1. Name the residue farthest towards the positive end of the dipole of the chain from the options His112, His235, Gly205, assuming +1 on Cβ of Lys and Arg, -1 on Cβ of Asp and Glu, about the Cα centre.
2. Can you tell me the dipole magnitude for segment 402-448 around its Cα centre, using point charges on the Cβ only (Lys, Arg +1; Asp, Glu -1), in Debye to the nearest 20?
3. Taking every eigenvalue of the Cα gyration tensor of segment 288-443, multiplying by 5 and rooting it, what semi-axes result, largest first, whole Å?
4. Quick check on the chain: what are the equivalent-ellipsoid semi-axes from the Cα gyration tensor, as sqrt(5λ), descending, whole Å?
5. For Tyr257, Tyr64, give the ranking by accessible area with the largest first, probe 1.4 Å.
6. Got a number for carbon plus sulfur as a percent of segment 207-298's accessible area, 1.4 Å probe?
7. Rounded to the nearest 5, what % of DSSP beta bridges with both residues in the chain are antiparallel?
8. Nearest 20 debye, what's the magnitude of the dipole of the chain about its Cα centre given +1 on Lys and Arg Cβ and -1 on Asp and Glu Cβ?
Amino acid sequence: MSEQTRFLLNESDLPESWYNVMVDSPLPPTPVLHPATLEPVTPDFLGVLFPMELIQQEISTDRYIDIPEPVREIYRLYRPTPLHRAIRLEKALGTPAHIYYKNESVSPCGSHKPNTAIAQAYYNKAAGTKALTTETGAGQWGSALSLAGNFFDLDVEVYMVRVSYDQKPYRRIMMETYGAEVFASPTDRTQYGRSVLDKDPDCPGSLGIAISEAVEAAATSEGVKKYSLGSVLNHVLMHQTVIGEEALKQMDMAGEYPDVVIGCVGGGSNYAGLAYPFLRQNLKEGQRTRLVAVEPTATPSITRGAYAFDYGDTAKMAPIVKMHTLGHSFVPPAIHAGGLRYHGMAPSMSAFCDAGLIEAVAVPQLVTFEAAVQFARAEGIIPAPETAHAIRIAIDEALDAKAKGEKRIILFNFSGHGHFDMSAYGAYFDGKLENYDFPKEAVQEAMKDLPKVEVRM
Ligand SMILES: Cc1ncc(COP(=O)(O)O)c(C=O)c1O
């Protein structure tokens with residue numbers, strides 16, 4: 001009998017709540033600080049940027065938070081997402097390991113990002129917000145918020161990093177199709193954007209600069225616009241836990257439990273979404289799954305950065321949090337995994353890595369694309385360059401299991417497809433991609449700019 005390749009849940013199996021890992025965390029919480037005073041932030045300060053319901057989720061002490069019905073209704077357009085067993089990849093590798101992946105690329109815009117975009121748009125609409133501002137690098141997050149804003153009748157203003165704006169016109173047109181306005185950042189629409197352009201009219205932009213512009217646009221709108229972030233914050237990671245809750249049920253259908261759960265990390269949201277429900281099983285139910293976060297060697301915030309308090313953006317307008325960071329002044333090299341080019345990492349992911357509850361590894365660009373192509377040729381789906389980082393380590397685990405003659409159960413998050421990233425694949429095939437190793441000295445230099453924070457805990 002042939003083995004089952006897809007494990008599908010019914011719409012009625014859609015999770016009813018998100019999982020708040022902070023309640024089960026054995027680690028002390030770290031404060032969020034005001035960027036100017038360096039004192040703990042007040043809800044009033046955060047209220048300029050976010051609706052109160054999301055601020056409350058950020059600090060919630062409830063283990064589970066109900067998913068509102070209007071959000072579940074839109075989730076049903078693509079959730080529950082399939083769990084696949086990559087049998088053809090297993091055969092190609094000749095491994096006794098079983099490789100499973102949770103396919104978040106089936107969402108309307110091709111990645112996990114709508115899981116939080118829909119929730120954030122819902123809570124903003126309920127609070128009377130008229131418009132949302134945000135930044136986007138590669139365009140996955142901007143597409144997701146544009147989609148969600150459209151469903152809840154909110155205007156969406158996207159500050160897209162200029163290099164991506166120029167290189168990825170189709171992502172921009174996708175956002176416009178959903179009704180969003182897209183600007184190449186740095187723009188002349190904000191004071192900060194103008195100050196950057198004054199110094200360098202050809203500035204290619206960065207995620208840090210685009211965040212500063214989107215934050216400024218919301219903060220100076222007198223409450224009309226709020227800001228929306230696609231990763232890093234507790235509430236964003238929590239909205240993604242539908243991925244892991246579904247995967248737990250689907251692994252059960254497959255009659256197996258993962259020995260290792262893998263995901264790529266930019267700000268940490270897709271991996272947290274898959275991994276935190278499995279971390280709960282480790283912490284509460286005595287499971288011993290290894291959890292592995294994968295980052296690029298070009299932006300190695302966990303494996304090379306400091307675990308310190310730092311600003312979330314370049315202009316120092318966003319709150320300061322304790323995280324693994326390469327420094328807020330970090331300008332990332334032009335690798336093709338645009339969604340992984342952020343200087344920081346979610347505070348919860350950083351704390352779990354620091355405590356050894358989650359492992360982190362960094363992989364270079366070329367072997368990452370090699371894994372992406374191997375996956376595409378075996379399984380058919382072309383992965384986003386970000387996702388390919390997880391695939392690299394999943395394949396390495398499967399080959400290690402083969403070398404040791406072990407039947408290892410591997411699960412990874414297929415966070416998005418790469419249909420808008422074909423120019424990156426083209427560059428790889430033309431031999432134009434290079435490996436980048438972020439130099440230790442550059443990290444040390446950037447550390448000089450960290451805020452001098454004394455925290456009384
Ligand atoms: C397909 C895909 N995977 C992963 C990421 C990384 O972000 P995060 O770590 O928040 O999941 C991104 C970010 O844009 C993305 O587009």
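The values are calculated or read from the model by the stated rules, or taken from the named source; none is laboratory data. Model, not experiment: these values are computed from the prediction. Neighbour counts are summed over all protein chains in view; Cβ atoms, including those assigned to glycine, are modelled from backbone coordinates with ideal geometry. Surface areas here come from the heavy atoms of the whole protein model, side chains and all, with no ligands, DNA or RNA. Shrake-Rupley method; radii C 1.70, N 1.55, O 1.52, S 1.80 Å.
1. Checked the options; the winner is His112.
2. Working: 7 positive and 7 negative charges, 91 e Å.
Charge dipole, segment 402-448, about its Cα centre: 440 debye, nearest 20.
3. On the way: eigenvalues 145, 86, 34 Å².
Over the Cα atoms of segment 288-443, the semi-axes work out to 27, 21, 13 Å.
4. Values: eigenvalues 202, 119, 102 Å².
That gives 32, 24, 23 Å for the three semi-axes.
5. Working: Tyr257 65, Tyr64 100 Å².
The ranking, largest first, comes out as Tyr64, Tyr257.
6. On the way: 1070 of 2370 Å².
Accessible surface attributable to carbon and sulfur in segment 207-298 totals 45 percent.
7. Numbers: 18 of 51 bridges.
About 35 percent, rounded to the nearest 5.
8. Numbers: 41 positive and 55 negative charges, 135 e Å.
Its charge dipole is roughly 640 debye.
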